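J.: Got a structure for you, questions after.
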Amino acid sequence: MTIDEIIRFVSGLDGVLALTPAPGDDWPELSWGDAFFYYSPDGVVPTNIQPFATVVTKNYPGDEASRLDRADTFRVNIHAGKDEFVRRLGRTPREAAETDVDPGAADTVLAHPVYGTAGWLAVVNPASRTETVTRELLGTAYHRARARYERRDRD
């Protein structure tokens, strides 16, 4: 999967706002080249809600374990939730991870190296082994975000 394929897939879901900061935008330079996905049917970037998924192309401060500074390396981050986390990794988000898991391993579903305890999963350079599961996880995160939005909208 390429970054563009992921952006097209997620952007094609009803009500998704894909924020893709670039030079000249009002967004911080660090975010340029990355993608942030929100459920926002009005097309406005939410101010008090985290994205349900992101694609990052570089290391962020405090988040260097995946070694995204390698050439042609990116990571898809997906807020899949506890149930999906357990289903995919066989442990709860708060349980200690196995120490031999490389957070920079490509084409592998992993706990997010920083936000794993909050139910976030990650895939570095999704390819043949993880393309289907990455799409499934993105769909799950989308449906969770949409459901949260609809609950807030009713209140």
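J.: Residue farthest toward the positive end of the dipole of the chain, with Cβ of Lys/Arg at +1 and Asp/Glu at -1: which of 30, 126, 3?
T.: Farthest along the dipole direction, towards plus: 126.
J.: Over the stretch 73-145, with every protein chain in place, what whole percent of the accessible area is carbon and sulfur at 1.4 Å, could you tell me?
T.: Values: 1710 of 3490 Å².
Accessible surface attributable to carbon and sulfur in the stretch 73-145 totals 49 percent.
J.: Also, I was wondering about something else. Spin-label point model (7 Å from Cα, Cβ direction): what's the residue 143 to residue 25 distance in nm?
T.: 2.8 nm
J.: Would you please name the trypsin sites (Lys or Arg not before Pro) within the stretch 57-155 that are DSSP coil residues with at most 11 other C-beta atoms within 10 Å of their C-beta?
T.: Working: sites: 58, 67, 70, 75, 82, 87, 88, 91, 94, 129, 135, 144, 146, 148, 151, 152, 154; in loops: 58, 67, 70, 91, 94, 129.
Passing both the DSSP loop test and the Cβ count: 94.
J.: Looking at the chain as a GNM with Cα springs under 10 Å, which of 107, 26, 34 has the largest mean-square fluctuation?
T.: It is 26.
J.: Still on this structure, please answer the following. Return the ratio Rg/(2.2 N^0.38 Å) for the chain, where Rg is computed over Cα atoms only.
T.: Numbers: Rg = 15.0 Å, N = 155, 2.2 N^0.38 = 15.0 Å.
Cα-based Rg divided by the globular estimate yields 1.01.
J.: I'm a student and want to see the number: the projected area of the Cα convex hull of the stretch 1-83, averaged over all directions, in nm².
T.: Here the figure is 6.7 nm², rounded to one decimal.
J.: Extending each Cα 7 Å along its Cβ direction at residue 32 and residue 83, get the distance between those two points in nm, one decimal.
T.: Here the answer is 4.2 nm between the modelled labels.
J.: Hey, can you find the accessible area per residue of the stretch 63-155 for me, probe 1.4 Å, expressed in square angstrom? Let's see the in-between values first.
T.: On the way: 5170 Å² over 93 residues.
Roughly 56 Å² per residue, with all protein chains present.
J.: Okay, next question. Would you please state which residues of the stretch 112-144 a label at residue 13 would reach in this model, taking the label point 7 Å out along Cα→Cβ and a backbone N cut-off of under 16 Å?
T.: Flagged as within label range: 119-123, 131-144.
J.: If you build a Gaussian network model of the chain, linking Cα atoms that sit under 10 Å apart, which residue out of 18, 122, 97 swings the most?
T.: Sorting by GNM fluctuation, first place goes to 97.
J.: Once the piece of chain linking residue 117 and residue 64 is laid out straight, how much longer is it, given 0.36 nm per residue of separation minus the C-alpha distance between them? Let's see the in-between values first.
T.: Working: separation 53, 0.36 × 53 = 19.08 nm, distance 1.69 nm.
Gain on stretching residue 117 to residue 64: 17.4 nm.
J.: Now for a separate question. For the stretch 86-132, what is the convex hull volume of the alpha-carbon atoms per residue, in Å³? Let's see the in-between values first.
T.: Details: hull volume 3.5 nm³, N = 47.
For the stretch 86-132, the hull spanned by Cα atoms encloses 75 Å³ per residue.
J.: Same structure again: Projected onto the charge dipole of the stretch 9-90 (+1 at Lys/Arg Cβ, -1 at Asp/Glu Cβ, origin at the Cα centre), which of 41, 80, 57 gives the Cα projection farthest towards the positive end?
T.: 80
J.: Over the chain, with a Gaussian network built from C-alpha contacts below 10 Å, which listed residue (43, 62, 104) shows the highest mean-square fluctuation?
T.: Top of the fluctuation ranking is 62.
J.: For every other residue with a beta carbon closer than 12 angstrom to the beta carbon of residue 118, add +1 if it is Lys or Arg and -1 if Asp or Glu, then tell me the sum.
T.: Numbers: positive: 82, 94; negative: none.
Once positives and negatives cancel, what remains is +2.
J.: When the Karplus curve 6.51 cos²θ - 1.76 cosθ + 1.60 is applied with θ = phi - 60°, which whole-Hz ³J(HN,Hα) does each residue of the stretch 5-21 get, with x for Gly and Pro?
T.: Per residue, the Karplus-derived 3J(HN,Hα) values read 5, 5, 4, 4, 4, 5, 4, x, 7, 4, x, 7, 10, 9, 9, 10, x Hz.
J.: Right, next: For a quick check of understanding: with a 1.4 angstrom probe and all protein chains in place, what accessible area in square angstrom does residue 31 have, to the nearest ten?
T.: Surface open to solvent at residue 31 totals about 10 Å².
J.: Give, to the nearest whole percent, the P(r) tail of the stretch 76-155 beyond 21 angstrom, counting all Cα pairs.
T.: Details: 869 of 3160 pairs.
That tail contains 28 percent of the Cα-Cα pairs.
The values are calculated or read from the model by the stated rules, or taken from the named source; none is laboratory data. All figures in this text were calculated on a predicted structure; none of them were measured in a lab. Virtual Cβ from ideal backbone geometry, glycine too; neighbours counted across all protein chains shown. We work out accessible area using only protein heavy atoms, side chains counted, and drop any ligands, DNA or RNA first. Shrake-Rupley method; radii C 1.70, N 1.55, O 1.52, S 1.80 Å.
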